[in-house]
Each structure stands twice: as structure tokens, then as C-alpha cells.
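The structure under discussion appears below in the form of C-alpha cells.
Bear in mind these aren't lab numbers, they're just calculated from the coordinates by the rules spelled out. None of these values were measured; they are calculated from a predicted model. Cβ: placed from backbone, ideal geometry, glycine included. Neighbour counts: every protein chain shown.
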Amino acid sequence: MTFLNAILLGGLAAAALPVLIHLFNKDRFRVVRWGAMHLINAAFEKNQRRLNLEHLLLLLVRCAIPAVLALCMARPVLTGAARLLGDDKVSLVLLLDNSYSMASGAGAAANFTSAREAATKIIEGAGRGSDFSVLLMAGGPRPLIEDTGFDGARLIKELAKLDAGFGKSQVGESLEAAAAQVARMQQQNREIVVVTDFQKVSWGDDQAAGRSRAIEQLTALPLPPRLSLLNIGAPGRDNVAVESLDFSRLILGTGQALNVRATVRNFGERDYPELRVYFRVDGRERSAAQIQLAAGEQRQVLFTTAFDTAGSHFIEVHADADALKADNALAASIPVWNEIPVLLVNGDPSAEPLKGETDFLEVALQPFGQARAELADLIKTRVITTAEMGAASLAQRRVVVLANVRQLTDVQLAALRDFVRDGGGLLIFPGSRASTDWHNLVFAGRQGEPGLLPLQLVSLGGSPDENAPRARIVAEHYAHPALELFNDPRNGSLADAEIKLWYKLRLPREPDPNLTVLAKLSSGDPFLVERRMGEGRVMLCATACDADWGNLPVKPFYLPLMQRLVTYLASTVFPPRNVEVGKTLAAFFPKSEAGRVAVFTDPSGLRHDVALTAKGSRAVAEFTGARQPGLYVMNGPDGSTVHFVASTSREESDLKPLTPAERESVAKTMGATLVNSLKEYQERDHGRRFGREVWKPLLWALLALLLGELVLQQWFAARR
Amino acid sequence: MAHVSDFLAPAELQKISNLQVVARLVVEGFFSGLHKSPHKGFSVEFAQHRQYVQGDEIRRLDWKVFGKTDRFYIREFDEETNLRATLLLDLSGSMDYAGDGHPSKQQYATRLAAALAYLMLQQRDSVGLVTFDSMVRRFIPQRSGVGHLRALMDELHSAKPGGETALASVFRELVPRIHRRGLLIILSDCFGEVKDLVTALAQFRHARHEILLFQILDRDELTFPFKRWTKFDSLEVADQFRLIEPAQFRAAYLDNLKKFQHELVAGCRRHRIDLVPMVTDQPYADALATYLTKRLSRG
């Protein structure tokens, strides 16, 4: 216990006053020479014991009154163990929610301003000798300043410069980062304070797994920190967001029309009867639309454009709406191609027309070229034999098709694996020449390592007999972008084809999140499956791409099907150019460019020089400063220009917060203390570190003693 | 109308040291309210008229009868039977208590005794006096005559309180010494063991004495008015004291007093003893009235 006015403790001496008064009065007695002593003696003997007790009780109460008054005025503070150890220093990790929902707010100030002030006050209020770390939660945890230290003033200075970020708040990841951070800090007394607006998208039940993982890490620490959740401000209810952009093409060539369908959604409670939506291409306004958007409503706006030149372009759809600007616009970087280089590896070449394994495929992929037409094909194919395939032949290709390839050498396989991992597309058509053993034992993965082949080949299905029943592709609604074209019957029906022979594919017992079955055969076997691998994608068709195992190539849908599969596989742009804010922007260059400088220009026009670093077989330019949404332009040392677009997660656009009950529940499951204002936090923290002031209960005790003294006196008098 | 006795309050009379003067003032003051002269009609009792014969004193003629009948008649009086009274004056230490502005109980008792003695001697009664504390200090046998008054007054004047109270033993000692039955007038605060006292008084009653017990108390002893811390020093036993806060004991004290009085009253009633409680701020006349009532009742 400590005292805020310790000097007033001297008043405790007043406890002796009643005793002194008693003694003083006793010494100042009058003397009476008395005759009726026998009457006094009888009264004295009868009552003395009781009177002594009463006197003692009254004396104690009377002594307690000035003592309690003195204690009360000295303002005692009950301190915890930390204070008893003489230590109120704390290792404090502040998790600051700087997601862009924090830029909204119900009051005059945005929530983030309140959060920043709260963080500042918390740092200022920490005991001398405390060490601090501030982690920003938007778009993944990021320290405000790199080195954790004791310099609170510097942190406060940095906080003052900080604005709300633009990413989604990553609660689980941020808590894990905080656990790692606090483990490195100095003081035994440790605390993590999360300053947040409790937006539902960040704190909802779907995020619970990440949170509980982080809490496990926190509790497993040798010195588990206290966890406080500080709810800041009230979320604004008015927000319109351009939620998504959908494109009519998976990949865009020069001169091709691109339909851009923008989805605009009103998350707020206010109607927009005349909301203007603008469409900008390469920074220039191309068209605008005016729509009516009621509260809670979602509408789509369609824009069309085309690009004359190949290379990196960008478009933007902007809704002229509320003050929370970050999600009012959505941009996209659009690579426009002159051609899509595709390598066809022919495992069964033939001199006769349309007898080679890839002959039908070649025609389907570049029909104009084959027809000697004037129109240009976007896809440019090159056909090689299995033996010709190598790292060199894969260079600059976007898609590789393995058609009835018996097997590959380890070198070829390694090169192909690198190609896929770096974002290349691979389409596999096994056929009669394919080595089942190699495919299953090597191509599908060795010793538990996942291979390139998405599924093992079990056995052949169907029969080559003419009279044998044929399998057909099951016609259904296709959700996959490569096949959704065939949801429209005008584009042909996949069920028209008859498959004589096919490989039965072994589906995994456990569902694999990277594996997708695009279409099935009427036999129930998978027809087309896709598997993600690294940044690339691999598709496996259960049958051959020529006419040996069925009439697939002669059906009208064969051409659009192959075009869609190849363009889909080629559509992967790696490194990605449309990213969430906070993610690293990267571009690949030939290895020879390593050491040279690429320049990134951010949305506010600031230029950032980035040195190219050698990684594997190439040089990479990586920019980690994409903290605000918008367009980033990279000018490479070779004169190339690449547009990157950093966008906020649209999940954050829904500003709906957790209800108070939900907040309580989240705090309870996390074992955290929920506080709803900075003042409440400060009171709790003050109580925790410096103890709790107890003058109020003492004042009540004093009043009780005064009353008690009166009551006792009256009662004793009545008994006499 | 103001009465002479009103001015004869004990506090006033305390200033007068001559007991005889005090006694006379008291008695005369008392009677002046009742009759024009204290010397008429009380010394003898009228018996009959008889025919005047020569040699009779002229002053004894009944002139009223002569006026009515024109004959001389002499008024004949019976000589009144002499009353033998003994005053028993308590001089124990407890009688020395005096409240503020009042005479001590002993002074009050002494003056009252003097007044009674004066009155009785005036009526030609014979009066004795016993002073005592734990033992009999002085025993003056009963005598009549004004000359005896001087002896009584001297004794009363020299009486000083001291010693412990032992009423019972003193009274037991006195029983054989007062052999002729008569009126015993006890002036005491009666402090002590009530049971023993009543037993002793019963012995007097057994000896066919009439007893008039004046219990003389101070107002303080009845109300216990003390407030702040007080050391009560015993008037009877040296070094005996109680240092108490009186307010806290008042109720218990008064309770004890009430019980004490109750026992005493009950004991006196049982033995047909006339108990007259007197307080030292009470006029002496009240005591005289009580006495005279008692005197008359004896016929």
C-alpha cells in the first residue's frame, strides 16, 4: 500500500486523542466526600465489567474515527505484487488497427485518430523504463519502427505522422507477431494492447481459428503477456465501394475488346439516387455512368475498352461517393499481349496430316494461321518432340502442353517444375504412349513429394471396340472460368463428344484444396482436373487430345475448349500485378540486369529506387512499400514499364462492427480484457500498476464509525 | 400569606449558631402559624367547670360562663401525662455529607433535635438524648424542665460527626438502657444493613417504645446529580474511595437506593415504626408537624 498524501498519515496520531481525553478527564476529577458508599459500591460491582467492555468498545471506535479519517485523507492506494516488487515497468506491444475502416467514424474525428491518440496516451502512461513496440495490423503485421526500444518519445512522434492504412486487419497474424515480439522484450511485466474498431470482417467467427492459434502461442510463452482489447470509436455507417471488377477475357490481346463489369455496392444506410461511376483507362477518363444505388443495394456497371498496344495497361472504376475514399475506386493492371507463346510437346508425332498427337490441338489453338486467314491468332504455338524439350525451349513460354508424352528425363522434369512454379501453365493429355509407371511413380510425385501430375493414372477406362459403349462429358453448370463459356448452349455442348478410352484417375482420399475437378465423364471418372502448384497451374485431361481415343477433336466445341484452357493457364500473371495493399510488388528481369535499378512510382508520385537482386535464374525487382491503394508504376532498367495496382480488401468495406455481446464473447475466448474507452483502460492499468485508491471505502467506513459511535453511545446509555 | 416558618428554611437557620435560638425560632415560627400563642391550651387539658370557692385564683375564673350565667365557675384542667422522649442522634461519618448550599445531614439533624427538644420541654415532657456513631457517644437520660434544655443544647452543640455507622449494634446496646417506655425519635440517614437495623428497631418495639424515625437524606443522595469524573471518598472509612464517571452509574445507583428505601419502608411498616423521610432542604416545620401529629395520636 502506498499513499498519495503520505504526510497526512501524521493524522494517525489523532487516534490517541480519545485516550488522552479520557486520561485528561480522569485526572481532572472532582472529589466528593460521600456517605452512601454502599449504594455506589453495589452499583459499581454490578456494572463494572459490562461498563469496562462498553468503554473499551467506545474507546476503540472513537480512536478509529480520527485514524480512518487520517488514512482517508492520505489517499491510500492498494498496490499489486508488481508495485511491491518496486517494478511498474512494462514491455508493451501495441497492436494498432490501421485498416482502412478505421478511417471512418461516427464523430468528428475518424476512428483512427482516436486510436492514434489512445496509443500515444498508453505509451505516455507506461512506467519509466518500459519498452515498447507498435505493430500495425492492416495488410499483415508491420512494426511502426523496426527496432523495439525504450524510446517512447520517438514512437509517439512516428505515431503522429501515421494515417490509417488500407489493408484488412489481420488479427491472428498480428497477434502471432506480437507474441514473437513480446518474447524478445525486456520486462517481466508484459502486455499486449489491441486498439481496434472490432470490424466484423476482421473479428468475426471465421477469423476465430487464427485468433485461437495466436492465443495458444501467447499462452505458451514463458512469461505470458496480459492481453487487452481496446475498442475505439464508433464505425461510420455510410460507405459505397466498387467491390469487384470482372473481365470478359481471361487474357487480352491487342485490339481485342474487353468488357469490364464493375460491381458497386452500398454498404451504408443512405440511398444514392444519382451515383456517378467513372471508367478510366490508362489514367484517362473513357466513360461514365449514372446509377441509382439504394442502401444495402448492389449494382453492376458495364464498360468496354480495347488496347492498341501490347504491354502493361491499367483501368480504374471510380464511384463518386462517401468520404471513405479508399474503396470508392477499384483499379486493375491489364497486361495486353501481342501473342501467347505456347509449347506443344508432341509425344506421338506423325508425318500424316492430323495423325500426330498435337495436330488437332495446333489447329485449334491458332485457327487463323492454319487457315492462312488475315486475322492474327493471339496464341502462337511451337511444336517440339519430347526429346527437344528443355529449359531453353520453355523460356518465354506461357503454357506447355504435354500430348501423349511417354516420359521425361529428370532434367526435363526439373525444368518443367520450375516453369510451373514460376507461374507457367501446364496442360497434360496422356495417351496410349504414356508410361503409366513413370507417370504414377515420378510425374505424380516421389516419396511423398507432390509431383506435377495432378492425379495418378489408375487404369484405362472404356474400350477401343467400335460397339463398346462410349463415355460422354457430363453436361452441367460449370463454375470454373475455363469452362463457364459452355454454360451458354450457343457455344456448344461438351456432352456431344464420345470418349472411347480414358484414364481412370485416382482421386485422393482426403480433399485437396489445391485440386479442382472441372468436368466428369458419364462413367463417373474425372475428365478434367486442375491443380495449383507454386504460382502456376497444371491441368490434366483424362483422354487424348487427338482423335485416337474419341471424337473430341472433331466436335465444334473442341476449338473454344482448347483456346479457353490455354488462355486460362496463360492468364496467370506472375509476379501478380493486382495485389492487396501491403503486399510486395515484384517484377522479373533477365539475370544480367541484377544490380541495376528499377524505379517504382507510388500513387502520390513519389519515386522509389529499387535495386534488382539475383534470385535463381533471374533478377528480381521487389518493392515492399505498397502501403496505399492505387497505381504503382515500375520503370525497369531495360526501359519496360509495368503497372501494379494495390487495392484494399473489399471485405473491409462492410463497416459493420461486432455487437457488444460478440465483443465480450471474443474477449472471453481470448482470455483478454475488453475495455471500451481509453479512460477505462487507463483506470484499469492504473489500478493494475499503481494499485487501487481506497479512500472511498474508507470514507464509508468513517461514516459507519461515526454512526456506530452514536448508536453505541445511545444504546449503552439506554442500558444504564 | 407568607408564613414565618417559610423563612425558617434550613439554609437560613444554618447561619445561626445558637441552637437554642434556632430551636425557639423553629418552634415559635411553627406555632405562630397554628395559634396566636404557643402557651395556650397545650400545657394542660381542660377537664370540667366547678363552683368558685374562696381561695381559688381569680385568673382561673371562666368569665364567659359568668357572662352567661352570672355565676362564678372555675375551669379545672387535668394535668397532662408527661411524655418520655429520647432523641437518638446519628453522628456517624455519613451524616457529615452536605450538598451545595445545604446544611450537612448532621447539622440538619442536630437543629431538628434541638427544635424537638425545645418543643417537648416547653410541653413539660421529659426528653433524653443519645448521640452515637459506631457506639454510643453520649447518653443523657430523660428529664423535664427548662433547665434540662441547656444541657441538651450544649450536647447537641458539641456533637461532631465521625466514625462508621453501626445502627443495629448501637440500638441493641441502647435497648436495656432506656427502660421506661416512651417515644424514641431517631435522627439518622439509616445507611447500613437494613435487615439488622430493622431487627434492632424491633427490639425497641418489643420494649414497647414508640419509634419516630426521621430518615435524613441530602438531595444529592436522592438524585445523584454528578456529571464529570468524580472521586467519591468515604466519609466513614479512611482511604475508601471510588473514582467513577457518575453518569454511567446513576441508574444503577438510583436503583440500589430505591431497593434500599423499599426494604426500609417495608421493615418499618412491619414493626409499626413511623418512618419520616426528610431531605436537608426541607423546612424543619414539616418534621415538627409530623412529631405533633404523632404526639397527639398518643392521646
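Once the Cα gyration tensor of the stretch A:601-720 is diagonalised, what are the square roots of 5 times its eigenvalues, in whole Å and ordered largest first, as equivalent ellipsoid semi-axes?
Equivalent ellipsoid of the stretch A:601-720: 70, 17, 13 Å, largest first.
Peptides A:240-250, A:207-217 ranked from most to least packed, by the mean per-residue count of other Cβ atoms within 10 Å: A:240-250, A:207-217.
What FRET efficiency comes out for the pair A:R30/A:H686, r = Cβ-Cβ distance, R0 = 51 Å, nearest 0.05? The pair A:R30/A:H686 has a calculated efficiency of 0.35. For helix A:111-125, report the angle its Cα long axis makes with the longest principal axis of the Cα atoms of chain A; keep it between 0 and 90° and round to the nearest 10°. Taking the Cα atoms of chain A, the angle to A:111-125 is about 50 degrees. Once a ≥ b ≥ c are taken as the square roots of the eigenvalues of the Cα gyration tensor of the stretch A:340-570, is the result rounded (a/c under 1.5), prolate (a/b larger than b/c) or oblate (a/b not larger than b/c)? It comes out rounded by the Cα gyration axes. Distant-in-sequence amide contacts of A:V32, defined by a placed amide H-H separation under 5 Å and a gap of 5 or more residues or a different chain, comprise B:K231, B:F232, B:D233. For the pair A:N551 and A:W438, a Förster radius of 45 Å applied to the C-beta separation gives a FRET efficiency near 0.95, rounded to the nearest 0.05. Extension gain, A:Q48 to A:N259, is 65.2 nm, computed as 0.36 nm per intervening residue step minus the present C-alpha separation.
Specify whether the C-alpha gyration tensor of chain A places it in the rounded, prolate or oblate class, a ≥ b ≥ c being the square roots of the eigenvalues: rounded for a/c under 1.5, otherwise prolate if a/b is larger than b/c and oblate if not. Taking the square roots of the gyration eigenvalues as a ≥ b ≥ c, chain A is prolate. The distance linking the stretch A:293-325 with the stretch A:540-589 is 26 Å (Cα centroid to Cα centroid, whole angstrom). Under 8 Å for C-alpha pairs, at least 6 residues apart: give me the relative contact order for the stretch A:340-570, rounded to a whole percent. Answer for the stretch A:340-570 is 23 percent. Close amide-amide hydrogen proximity is noted between A:I340 and A:I379, A:K380, each under 5 Å apart and 5 or more residues distant or on a separate chain (H modeled in the peptide plane; Pro and chain starts excluded). Checking every one of the GluC sites (Glu not before Pro) in the stretch A:309-415 against DSSP loop status and a limit of 14 other Cβ atoms within 10 Å picks out A:E374, A:E388. Shielding value for B:93-106 is 2, the average number of Cβ atoms from other chains within 10 Å of each residue's Cβ.
Each peptide in A:706-713, B:215-222 was scored by the mean count of other Cβ atoms within 10 Å over its residues; highest first, the order is B:215-222, A:706-713. For the stretch B:105-154 versus the stretch A:597-670, the inter-centroid distance based on Cα atoms is 130 Å.
Relative contact order, whole percent, for chain A stands at 14, derived from Cα pairs under 8 Å and 6 or more residues apart. In this rough spin-label picture, where each label sits 7 Å from Cα along the Cβ direction, the A:V711-A:T2 distance is 3.7 nm. Close amide-amide hydrogen proximity is noted between A:S169 and A:G139, each under 5 Å apart and 5 or more residues distant or on a separate chain (H modeled in the peptide plane; Pro and chain starts excluded). The length gained on full extension between A:F150 and A:R284, counted as 0.36 nm times the residue separation minus their Cα-Cα distance, comes to 43.3 nm. Along the axis of the charge dipole computed for the protein assembly as shown (Cβ charges of +1 for Lys and Arg, -1 for Asp and Glu, origin at the Cα centre), the listed residues B:I74, A:I145, A:P603 are led at the positive end by B:I74. The number of Lys pairs in the stretch A:340-570 with C-alpha atoms less than 24 Å apart, excluding pairs fewer than 8 positions apart on the same chain, is 9.
Once the C-beta distance of B:R138 and B:V175 is scaled by a Förster radius of 22 Å, the resulting FRET efficiency is 0.80 to the nearest 0.05. Normalising the average separation of contacting C-alpha pairs (under 8 angstrom, six or more residues apart) by the number of residues puts the relative contact order of the stretch A:560-679 at 23 percent.
The trypsin sites (Lys or Arg not before Pro) of the stretch A:489-595 that meet both conditions, a loop assignment by DSSP and at most 12 other Cβ atoms within 10 Å of the site Cβ, are A:R509. For A:R75, put the label point 7 Å out on the Cα→Cβ axis and report which residues of the stretch A:1-40 keep their amide N under 12 Å from it. Zone members listed by number: A:3-8. Applying a DSSP loop filter and a limit of 10 other Cβ atoms within 10 Å to the trypsin sites (Lys or Arg not before Pro) in the stretch B:222-292 leaves B:K227, B:R272.
Quick check: pseudo-label points 7 Å beyond the Cα along Cα→Cβ at B:R124 and A:D206, how many nm apart are they? My value for the distance between the label points is 13.9 nm. The string of couplings for the stretch A:27-44 from the Karplus curve (6.51, -1.76, 1.60, θ = phi - 60°) is 7, 9, 7, 9, 10, 10, 7, 10, x, 7, 5, 5, 6, 5, 4, 5, 5, 5 Hz, one whole number per residue in order, with x for Gly and Pro. In a fully extended conformation the segment linking A:N491 and A:E662 would gain 56.6 nm over its present Cα-Cα distance, using 0.36 nm per residue.
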